[in-house]
Amino acid sequence: MVRDGLHNMLDSADGFTVLGEASGGKEAVELTLRTDPDVVLMDLRMPTGSGVEAIAELTRRGVRARVLVLTTYDTDSDTLPAIEAGATGYLLKDALRDELYGAIRAAAAGRTVLSPAVATRLVTAVRNPAAPPADDPLSTRELQILEHVERGASNREIARALFISEATVKKHLTHIYDKLDVRDRAAAVAAAFRRGILG
C-alpha cells in the first residue's frame, strides 16, 4: 500500500517518472542496475535483503543513482549504517508531500537531505564518537549472538542454534556494531573483550 501510494503520488507530480518498484533489497539492487534511475527511495527493513545491504551493494557497484532512505526507523542502529553504506539522504515516512518532493530533487542534485531527528542523531554521533556503551548495554540476545560470533559461527549457524531467522541475526549484529562503535564481526569481538563484555 505504501509503494502504491508513493507511485501514484510521484507519477502525478511534475518532473517525476517512476521506473519501477521492488519489494526487497535484492530486488531493489537488480532493478536499479536494470533501469538506471536518478534516485532510489529505499526502505530499511524488507522481507528479502535489508535496505542497508542494498545501499552498500549499490555503492560497491558504483551506480550513479542517489539513494534516499524513506523509512519509519530513526534509531542510531538504523540511521548511521545507512549513511555509512552510502545513502545520500534519510527521511521518515511522516514527511510531508512537498518535503519528500524537495528531498528527491535535492538527492538527484547530489545534496544531502536529513530529517531533523536524524540530523540530531548524526551530530550527536560526531560529537561523541567514542561514547561508552554503559547506557546502552547489549541485550541478552545480542550477547548470545556475540558469543557465537566469538566462536566463529556464521549467521546461518547462529540462526539455527538460537532458532531465529538469519535476517534477525543480521539485525542484532547491526545493533551490536552500533553499541560497540565498530563495523565488523572481528572488531565487535575485540571491543567486547576490551570492555569486559566477553571473557
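Odds and ends about this structure:
- Most mobile listed residue (T88, T72, T140) in the chain, GNM with C-alpha springs under 10 Å: T140
- Between the listed residues S154, T75, I104, the Cα displaced farthest toward the positive end of the dipole of the chain, a dipole computed from Cβ unit charges relative to the Cα centre, is found at S154.
- Most mobile of G15, G86, G51 in a GNM of the chain (Cα contacts under 10 Å): G15
- Stretchable slack from T35 to D14, in nm (0.36 nm times residue separation minus alpha-carbon distance): 5.6 nm
- For the chain, the 222 nm mean residue ellipticity estimated from helices alone, with every DSSP H stretch of n ≥ 4 adding -39500 (n - 2.57) and the total spread over all residues, rounds to -16500 deg cm²/dmol.
- Note on H172, H7: ascending count of other Cβ atoms within 10 Å places them as H7, H172, the fewest first.
- Within the chain: Cβ-based charge dipole about Cα centre, in debye rounded to nearest 20 (Lys, Arg +1; Asp, Glu -1): 520
Bear in mind these aren't lab numbers, they're just calculated from the coordinates by the rules spelled out. Computed from a predicted structure; not experimentally measured. All Cβ positions, even for glycine, are placed from backbone atoms using ideal geometry, and neighbour counts span all protein chains on display.
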